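The values are calculated or read from the model by the stated rules, or taken from the named source; none is laboratory data. These figures come from a predicted structure and were not determined experimentally. Cβ sites come from the backbone with ideal geometry, for glycine too, and all protein chains shown count toward neighbours. Please note that ligands, DNA and RNA were not included when accessible areas were found on the heavy atoms of the full protein model with its side chains. Shrake-Rupley method; radii C 1.70, N 1.55, O 1.52, S 1.80 Å.
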Amino acid sequence: HWQKTSEIALNKAEKIFSVKVIDREMFKQQVEDFGEFYAAWVEYDKEHYSACRERCEKLLAGRKLLRNFEAPGWDGTGKPKSSLDGIYERVFSQENSESYLVKKGEELDALGIIKRFCPLAKSIRRQFDSLPQVAAQPFLEGLQKAARESQKIAEIIGHLPKVEILYPNKADRPRGTKTPWDGWPEDLSSEILFPSVVEAEIRLRKDDERAKKAWEALQKQMKELWRKTKEPLPYCCLLVGDGDNMGNTLKELKKIEQHQKFSKELAGFAGQVHDLLKQYQGRVVYSGGDDLMAYVPLHTAMDCARAVNEAFTGAMKRACQKTNISTPPTFSMGMAIVHLHKPLHQVLELARDAEKISKNQPGKNSLTLIQSKRGGTDITITGKWHENREMVPLTDQLISFTEQYRKGKLPSRLGYQLRAITKECGEQMKWDRQHPQNVCAAEALRVVQRKQQKDGRKLSSREAANILAGHQNLRELSDRLIISHLISRTTELADRKKIAHQEGGMS
């Protein structure tokens, strides 16, 4: 199957690029070199299933530690590496490519070509949505509502150029954005909603006057649309999650029937998350057992994370029924909030770092978010799915802060102003119920209390104290507020009343 897959990809790539620019011999050698399989087995004793399984796992772990390190079957001396990961030598380079599947100047190895040009099965989509397509979801949702009530907005969208004008070569076209709303052209990608994407396309076509004019005309239309609405925010989220203490749980299963039931529930969870992510406009990259990776638009990210954790918790409770396991496995997740133009390998690295932080928390069972904007330093926050009596769960708190920002009950700069206090007064706050007991807590309460809400009313002493109550670390609170504010801005884009200006023709 692997050989057949590689041949299909190779033939498609050579068909798209009229000249044969692929080093076929090195391509074949890299395909042969890919993939390692390990196995271990023991004699099966039904009466001692658990011991047999444990011994087999130890043998398999030992076999992996004795892996073979063999030299590649080709000479890569002095040859450029793949621009994707720098591991294998390139077998393909197209300096002047304008194909959507291969960027200008990009260099691919055999694995890169296979991933770009060959889907694994007919049932799998031709390509994954890009980060810009995911980031556009909040704006697209609000635009749908606004267009139904504003004739002017609907007319702009209705007069967008046809996809064949923007992408004359069919192979160059990104995947269209399908929505339940028939107002958006089905074959047109939503990534054109971002100014930076349109500008990049214009620069890409600087030597093709006809194509350049088509994109400049589109840019003019989009500027008119942005004037009547808002510009979309260029941020989205990648989440990765993994079950906690799965190995220890399996050791407690003494019978093969228990193991089979456990595996069935785990497989059920892996299948369930596909439908679950669709509810939150997310896209599953892969889901296998307790392992998950997915794109999520920022306005649904917190609700989606909470729903995934609840689904896993439910599956594990069912899996551990009628066994001697009193504490089912929990779930740890990392989420990276990133700019749409951030290289995907860096996005994945951030999400993995966030997941690692969650796994290193006492008791695990945690959620960590890393916000990485183009300007400034990264912000990291961590919390449990279920907190103690004084603290609400991290997802619930972020959702609450987001809603307060939307309603104008929290000023937009509050998070940064609280962070500034830590430079003068330190980070630790001390409280006696809602009464400050040190300088840091008192100064934080003073700053919050003098802030005006959107309606001009200042927060009462009790309302201000409620925002700070239960928090011992002011820097941690300020970071949670900063991330919540960014999320609130995307939720506003999905709101019909927020996205369209009154002068933009709202009826």
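Annotations for the structure displayed:
- Of the residues making up the range 434-448, not a single one is within 36 Å of the chain's Cα centre (by Cα) and in a loop (DSSP other than H, G, I, E, B).
- Restricting ALA315, ALA305 to those that are open to solvent by less than 40 Å² (accessible area, probe 1.4 Å) and more than 28 Å from PHE401 (Cα to Cα) reduces the list to ALA315.
- Qualifying positions in the range 407-423 - crowded, with 18+ Cβ neighbours inside 10 Å and in a helix (DSSP H, G or I): LEU414, GLY415, LEU418, ARG419, ILE421, THR422
- Residue count for the range 1-26, restricted to those that are out of contact with any strand residue (DSSP E or B) (no Cβ under 8 Å at 6 or more places or on another chain), more than 15 Å from LEU101 (Cβ to Cβ) and open to solvent by less than 20 Å² (accessible area, probe 1.4 Å): 2.
- All positions within the range 226-270 that are modelled with pLDDT of 90 or more, open to solvent by less than 40 Å² (accessible area, probe 1.4 Å) and among the hydrophobic types (A, V, I, L, M, F, W, C): TRP226, LEU233, CYS236, CYS237, LEU238, LEU239, VAL240, MET246, PHE262, LEU266, PHE269, ALA270
For (1) in a loop (DSSP other than H, G, I, E, B); (2) modelled with pLDDT under 90, each residue gets a yes or a no:
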{"residue": "GLU7", "(1), (2)": "no, no"}
{"residue": "ALA13", "(1), (2)": "no, yes"}
{"residue": "PHE27", "(1), (2)": "no, no"}
{"residue": "VAL31", "(1), (2)": "no, no"}
{"residue": "VAL42", "(1), (2)": "yes, no"}
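- Which numbered condition LYS223 misses (of (1) assigned to a helix (DSSP H, G or I); (2) buried (at least 17 other Cβ atoms within 10 Å of the Cβ)): (2)
- Residue in the range 431-442 that is open to solvent by less than 50 Å² (accessible area, probe 1.4 Å) and among the polar types (S, T, N, Q) present: yes
- Residue in the range 33-40 that is over 15 Å from ILE114 (Cβ atoms), over 32 Å from the mean Cα position of the chain (by Cα) and either open to solvent by 100 Å² or more (accessible area, probe 1.4 Å) or of a type in the set (Lys, Arg) (or both) present: no
- Counting only helices (runs of 4 or more DSSP H) wholly contained in the range 74-186, the ones carrying 1 or more residues that are modelled with pLDDT of 75 or more and over 24 Å from the mean Cα position of the chain (by Cα) occupy 110-117, 137-149, 151-158, 163-166.
- For beta carbons closer than 9 Å, sequence separation of 6+ or different chains, a first residue in the range 64-81 that is over 22 Å from PHE92 (Cα atoms) and a second that is open to solvent by 90 Å² or more (accessible area, probe 1.4 Å) and assigned to a loop (DSSP other than H, G, I, E, B), the qualifying pairs are ARG67/GLU36; ASN68/GLU36.
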